[in-house]
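Chemist: Please read through the structure below; I'll follow up with questions.
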Amino acid sequence: MSSIWVLIVTFFSFFITYFCAKKIIPYLHKLKYGQTILEIGPSWHKKKQGTPTMGGIIFIAGIILSIIIVIPIYYFFSVRNNLRLQEPPLMMLKIISGVLMALAYGAIGFLDDYVKVVKKRNLGLTAMQKLIMQFLVAGIYLLLLYLAESMQKGSSVTSTIIPFFGRINLGAFYWPIAVVLIVGMVNAVNLTDGIDGLCTSITFFVSIFFMLISGFLGMINSSIVAGALLGGCFGFLVFNIYPAQVFMGDTGSLFLGGLICAMAFTINMPILLPIIGVMYVLEMFSVILQVIYFKATKGKRLFKMSPLHHHFEMCGWSETKICIVFDLITIIFGVIAVASIIISI
């Protein structure tokens, strides 16, 4: 029965996103909210100059509206038909907290895009401004998780589940690890959004694996959120695949990063983030290693260009090929993650 609700929310999210895109993309063109291509990127990206950005609002609308519509109907149907809800009521507080965190990161991204596009400051907000806001959002989210967990008898907020090892209590170390993990992963997702369809397609598969894992764990609400993310990414990918008609901007990529983190923390398995999101992590570390190597060797480069997808572009790979290869790697690691859960439970 739960799979029906996941299917419903996926279709809702897809169609809302698809029809929003049909209306919003022409409007973004009209407002001349086009992407400015910086000189630091591949030279052939100049042809993308003027492609509408801030398109993340399209799938944000689809994802949020579908969640708002489907979850209350699911609860109403369950109560009316005397069906036992599979999760404690306080799980809903964790779901709401996670969605609010994603929206908050989306708002930071929107502000950054607004400064870039409307105020014509190409670099947007400063790195320090973004980091301060991102750490603040992560801290507030973890505080809400603490409140939700502390209200459940016998539950410890600082414990996490690691496949094959069971529940492990990290104690005081939990908080700094969790904050850094959230902020790091959100920015890693943001770095992945550099070529047509890449971040959208990777997140499409990431959402599938979180949906499957949530289903195996009997967490229907988390499955519904993952289904909404799946439908939203698919609906947006129709317009974002090469050659892209619209870019998600920081509005979309930061929102996606926030929602992915929320799903991992909701099922109490943040360890899955660097596994299922392996390509996000590789993109982020390619930038870090490039900077370290450049400074250590006084000007030499480890990669032809970073993030990693630009390195492969400089090697002659097409954007479509990069998306396919990165998606396949995501699928492989996603299958490993799902298998580890199935074996462990």
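Chemist: List every residue pair whose Cβ atoms sit under 7 Å apart, with the two residues 6 or more apart in sequence or on different chains, where the first one lies in segment 91-106 and is among the polar types (S, T, N, Q) and the second, anywhere, is in a helix (DSSP H, G or I) and surrounded by fewer than 24 Cβ atoms within 10 Å (Cβ to Cβ).
Modeler: Taking only residues 6 or more apart or on different chains, the pairs are SER97/LEU144; SER97/LEU145; SER97/ALA148.
Chemist: Take segment 116-158 and flag every residue that is surrounded by 13 or more Cβ atoms within 10 Å (Cβ to Cβ), of a type in the set (A, V, I, L, M) and either touching a Leu at 6+ places or on another chain (Cβ under 6 Å) or at pLDDT below 75 (or both).
Modeler: The one that is surrounded by 13 or more Cβ atoms within 10 Å (Cβ to Cβ), of a type in the set (A, V, I, L, M) and either touching a Leu at 6+ places or on another chain (Cβ under 6 Å) or at pLDDT below 75 (or both): ALA148.
Chemist: Okay, next question. Within segment 295-314, does at least one residue satisfy the condition of being out of contact with any Gly (no Cβ under 6 Å at 6 or more places or on another chain), among the β-branched types (Val, Ile, Thr) and within 22 Å of GLY184 (Cβ to Cβ)?
Modeler: Within segment 295-314, none of the residues are out of contact with any Gly (no Cβ under 6 Å at 6 or more places or on another chain), among the β-branched types (Val, Ile, Thr) and within 22 Å of GLY184 (Cβ to Cβ).
Chemist: When you go through (1) farther than 25 Å from CYS233 by Cβ; (2) at pLDDT 65 or above one by one for PRO89, which number turns out not to apply?
Modeler: Every condition holds for PRO89 apart from (2).
So that you can scan it fast, the table gives a plain yes or no per residue for (1) in a helix (DSSP H, G or I); (2) among the charged types (D, E, K, R):
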| site | (1), (2) |
| --- | --- |
| MET279 | yes, no |
| SER286 | yes, no |
| LEU289 | yes, no |
| LYS298 | no, yes |
| TRP317 | no, no |
| LYS321 | yes, yes |
| PHE333 | yes, no |
| ALA339 | yes, no |
| ILE342 | yes, no |
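Chemist: Would you check if LYS304 is among the basic types (Lys, Arg), in a helix (DSSP H, G or I) and either out of contact with any strand residue (DSSP E or B) (no Cβ under 7 Å at 6 or more places or on another chain) or in contact (Cβ under 8 Å) with a residue 12 or more places away in the chain (or both)? Break it down into steps so the answer makes sense when it comes.
Modeler: Details: among the basic types (Lys, Arg): yes; in a helix (DSSP H, G or I): no; either out of contact with any strand residue (DSSP E or B) (no Cβ under 7 Å at 6 or more places or on another chain) or in contact (Cβ under 8 Å) with a residue 12 or more places away in the chain (or both): yes.
So LYS304 does not fit the description; no.
Chemist: Do we find a residue being farther than 20 Å from ILE8 by Cβ, of a type in the set (Asp, Glu) and out of contact with any Gly (no Cβ under 6 Å at 6 or more places or on another chain) anywhere in segment 243-251?
Modeler: Among the residues of segment 243-251, not one is farther than 20 Å from ILE8 by Cβ, of a type in the set (Asp, Glu) and out of contact with any Gly (no Cβ under 6 Å at 6 or more places or on another chain), which makes the answer no.
Chemist: Just a yes or no: is a residue in segment 26-41 among the aliphatic types (A, V, I, L, M), outside any loop (DSSP other than H, G, I, E, B) and either within 22 Å of VAL99 (Cα to Cα) or at pLDDT 85 or above (or both)?
Modeler: yes
Chemist: Among the residues of segment 232-251, are any within 24 Å of HIS310 (Cβ to Cβ), out of contact with any Lys or Arg (no Cβ under 9 Å at 6 or more places or on another chain), of a type in the set (Phe, Trp, Tyr) and at pLDDT below 95?
Modeler: yes
Conditions (1) surrounded by 24 or more Cβ atoms within 10 Å (Cβ to Cβ); (2) not hydrophobic (A, V, I, L, M, F, W, C), marked per residue:
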{"site": "VAL180", "(1), (2)": "no, no"}
{"site": "GLY184", "(1), (2)": "no, yes"}
{"site": "THR200", "(1), (2)": "yes, yes"}
{"site": "SER222", "(1), (2)": "yes, yes"}
{"site": "SER253", "(1), (2)": "yes, yes"}
{"site": "PRO274", "(1), (2)": "no, yes"}
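Chemist: Which one is modelled with the lowest pLDDT, of the residues in segment 159-180 that are closer than 20 Å to ILE140 by Cβ and of a type outside the set (A, V, I, L, M, F, W, C)?
Modeler: Step by step, filter segment 159-180, then rank; the result is THR160.
Chemist: Can you tell me which of (1) closer than 22 Å to VAL335 by Cβ; (2) modelled with pLDDT under 95; (3) in contact with a Phe, Trp or Tyr (Cβ under 9 Å, 6 or more places away or on another chain) is the one LEU273 doesn't meet?
Modeler: (2)
The values are calculated or read from the model by the stated rules, or taken from the named source; none is laboratory data. Owing to the predicted nature of the structure, the values given are computational and were not obtained by experimental measurement. With ideal geometry, Cβ positions are generated from the backbone for all residues, glycine too; neighbour counts draw on all protein chains shown.
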